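Here, each number is a calculation from the coordinates, and none is a lab measurement. Note that the structure is a prediction, hence the values are computed from the model and not measured. Glycine gets a Cβ as well: all are built from the backbone with ideal geometry, and neighbour counts include every protein chain shown.
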Amino acid sequence: MWCTHRSRGISRTGRLRTFSKNQPFIEVHIDTVILNLHDGERLHYLVYENGGFSAGSGGTSFVAPQLNGIFTLIAQGTGSRLGLLQPQLYSAFKVQGYGAGSPFRPITAGTDFFYPSTANFNPATGLGSLNVTNLARALGVSL
């Protein structure tokens, strides 16, 4: 989920320019490779096509269906449409922040090549990653 932010930066030719950058409200993994910190193994999204699996795919084409599925299940649990999600996400963050039972987990390391991630809302990772169970509770699902 993204918002648009106008920013200034240096172009490839060294000139100062103003540009729009899409920034996340929430962070979902889109890269083709995930490093499993538990044992150092590299994990990939797998695609089943023509009778076999292949690795190396990723991007928003993988994230959009994941979020669609998550929010569809939450809507089923509430018995109604969810409506606009951004106000609900920010409201939940305002009430719960990153505390116990929060739907959000901060991402505190790394950058998006423009901004560093920090222990609070930031332009690189937005509100952070999701704890889907807690998000469902925050949006009214009885678990």
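A compact table of results
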item	result
Segments 87-93, 77-83, 135-141, 121-127 sorted - mean Cβ within 10 Å per residue, highest first	121-127, 135-141, 87-93, 77-83
Nonlocal amide H pairs with Ser129, under 5 Å, H built at 1.01 Å	Glu27, Arg105, Ile107
